[in-house]
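A short reminder: the numbers here are calculations on the coordinates, not readings from a lab. Keep in mind that what you see is a predicted model, and the values were worked out from it rather than measured. Heads up, the Cβs are rebuilt from the backbone with ideal geometry, glycines too, and the neighbour counts pull from every protein chain shown.
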Amino acid sequence: MFKYTVSKDDFMEMSIYLMKQKSAKLSSKIKLVLFTVVQMAVIAYLIITGTSVSPIIRILMGVFSLIWAGQTVFSYAFYGPRAKMMLANQRDSDKTGEFWKEHKLAFRDGKVHLSYGESKAAIECAQITGTQETENLLLLMSGNGIFEIVPKKVANKPEFKEFLDTIRQTAAEKLKEAQDKQRKNSLENTSFKEYLQLSEEEVVTQLVRMKRLSLLTAAGWSMVTLLVLLIPLVILALSIYFGSTLYIIVAAVFLLLMNAGTLMIYTPLYKNVVRKQLQPAGEGGYLLTVAGETVSLFTREYHFRYRLDTLRKVMESKDGTMYLFFPEQQMLFIPASVSAEFKKAVNKRRSLTEISHMEKDAADEKAASDKADPNKK
């Protein structure tokens, strides 16, 4: 068991480190430029040229532009003041000061246990997804968040490094055990199975293509992305209705700025984004199965499960690659080499009448639809 305290300076250092990480991302830098220099230049131009618009409206536009730019700059800089705000929020959410009491970190019963004051937590070893280091701290990560802040005076001890090795080894053993069990159960009841040897480049290319195709389906849109798209469109529609060229330009600028993330999907940059986000097992090691009402995809470290009864859309490219779209933006692509056999296995459980064949004429689409639905007359 390791015992130590986390100081307010430690908390500030951790906060600043996370903020700098976020600001260093390419997407953050693009947003910073778009929401400051670009939008201020556009608004300034509109204010200067829009002499027929009420002075009050132009003043309000300028004030809004400055507030928007100021808020953006504050969100990507001024690390010290923002860290102090995060510290104040931590104090407000921890009225009794439990977090500042002695921390106890231990490995017990196959889990990682953490306690301070009356607060206790225990997570599986596999939930510790890695570590990150600052000048004086070691951060234990869980998913995309931080599980614990460990001062380096503790983290640098040989016994702590043994502690981390034990966590990693236990996680690997449990993961392998669970994967073997899942694979065995899946294979015992499967009507289709195929081992896929795919390179990272093949996976990235298909993921990018699938994401772009998803925007052509309802499954590719969340409520947030719809709102971000619709709000500027409503402003644009009103601008056109009232015949205001000035506001048409403003609405178009808002549309571009607010949807920069979606638009990036159609640029060459998005391929690099996907490559960086690609989970382990990008090279080979894929097992695809259809068992009962479930499609499963196994990699070296992950098991993805998709229910056929929730399948919302299927698209098929000219080369035979299939793209399956499920709720909550879940997507799966089936390589052309196995798509025909896969389709047969799926058709026994759910008709793929919604298949859209890209780059094929209407006759091909009708023939494929008839084949996908054997009951269709």
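Using DSSP to call loops (not H, G, I, E or B), can you name the trypsin sites (Lys or Arg not before Pro) in the range 50-106 whose Cβ has at most 11 other Cβ atoms within 10 angstrom?
Details: sites: ARG58, ARG82, LYS84, ARG91, LYS95, LYS101, LYS104; in loops: LYS95, LYS101.
Passing both the DSSP loop test and the Cβ count: LYS95.
So if R0 is 30 Å, what FRET efficiency would GLU188 and ASP165 give, r being the distance between their Cβ atoms, rounded to the nearest 0.05? Don't jump to the answer; show the numbers that get you there.
Working: r = 35 Å, r/R0 = 1.16.
Efficiency for this residue pair is about 0.30.
Go ahead and collect, in residue order, the members of the range 49-72 whose backbone nitrogen is under 18 Å from a label point 7 Å along the Cα-Cβ direction of THR245.
Correct set: 49-55, 58.
I need the P(r) histogram for the range 1-178: all alpha carbon pairs, bin width 5 Å from 0 out to the longest distance, whole percents.
The distribution over the range 1-178 is 1, 7, 12, 14, 14, 11, 9, 8, 6, 5, 4, 3, 2, 1, 0, given as percents.
Calculate, in nm to one decimal, what GLN21 and ILE56 gain on full extension: separation in residues at 0.36 nm each, minus their alpha carbon distance. Can you show the working numbers first?
Numbers: separation 35, 0.36 × 35 = 12.60 nm, distance 4.03 nm.
Contour length minus Cα-Cα distance gives 8.6 nm.
How much length is gained if the chain between GLU102 and LEU230 is pulled fully straight, taking 0.36 nm per residue apart and subtracting their Cα-Cα distance, in nm to one decimal?
Values: separation 128, 0.36 × 128 = 46.08 nm, distance 4.99 nm.
Computed gain between GLU102 and LEU230 is 41.1 nm.
With the Cα gyration tensor of the range 1-67 giving a ≥ b ≥ c as the square roots of its eigenvalues, does the rule (a/c under 1.5 for rounded; else a/b larger than b/c for prolate; else oblate) give rounded, prolate or oblate? Before the final figure, lay out the partial values.
Numbers: a/c = 7.92, a/b = 3.09, b/c = 2.57.
Prolate shape, in that a/c is at least 1.5 and a/b is the bigger ratio.
Check each of the chymotrypsin sites (Phe, Trp or Tyr not before Pro) in the range 33-138 and keep only those in coil by DSSP with at most 16 other C-beta atoms within 10 angstrom; list them in order. Walk me through the numbers on the way to the answer.
Details: sites: PHE35, TYR45, PHE64, TRP68, PHE74, TYR76, PHE78, TYR79, PHE99, TRP100, PHE107, TYR116; in loops: PHE78.
Those that pass, being in a loop and sparsely packed, are PHE78.
Students often forget the sequence filter, so: which lysines lie under 26 Å Cα-Cα from LYS318 once same-chain residues fewer than 8 apart are removed?
Straight-line reach from LYS318, under 26 Å: LYS193, LYS211, LYS271, LYS343, LYS344, LYS348, LYS360, LYS366, LYS371, LYS376, LYS377.
When the chain is fully extended, how far beyond the present Cα-Cα distance does LYS120 get from ASN272, taking 0.36 nm per residue of separation? Numbers along the way, then the final one.
On the way: separation 152, 0.36 × 152 = 54.72 nm, distance 4.00 nm.
Length gained between LYS120 and ASN272: 50.7 nm.
Among ALA121, PRO55, THR72, whose Cα projects farthest towards the positive end of the dipole of the range 1-178, with charges put on the beta-carbon of Lys, Arg (+1) and Asp, Glu (-1)?
PRO55
Would you mind ranking LEU256, LEU66 by Cβ crowding within 10 Å, fewest neighbours first? Present the calculation step by step, with values, prior to reporting the outcome.
On the way: LEU256 15, LEU66 12.
Fewest-to-most Cβ neighbours within 10 Å comes out as LEU66, LEU256.
Could you pull out every residue, at least 5 positions away or on a different chain, whose amide H is within less than 5 Å of the one on THR134? Hs are placed 1.01 Å off N in the peptide plane, and Pro or chain starts have none.
Excluding prolines and chain starts, which carry no amide H, the hits are LEU139.
Please label the shape of the range 142-216 as rounded, prolate or oblate, based on the square roots a ≥ b ≥ c of the eigenvalues of the alpha-carbon gyration tensor (a/c under 1.5 means rounded; beyond that, a/b larger than b/c means prolate, else oblate).
Working: a/c = 3.11, a/b = 1.59, b/c = 1.95.
The shape class here is oblate.
Once the Cβ-Cβ distance between ARG307 and LYS157 is put in as r, and R0 is 35 Å, what FRET efficiency do you end up with, to the nearest 0.05? Write out the running numbers ahead of the final one.
Details: r = 47 Å, r/R0 = 1.35.
In this case the efficiency is close to 0.15.
Tell me which chymotrypsin sites (Phe, Trp or Tyr not before Pro) from the range 299-328 have a DSSP coil assignment and no more than 15 other beta carbons within 10 Å of their own.
Numbers: sites: TYR302, PHE304, TYR306, TYR323, PHE325; in loops: TYR302.
Hits after loop and neighbour filter: TYR302.
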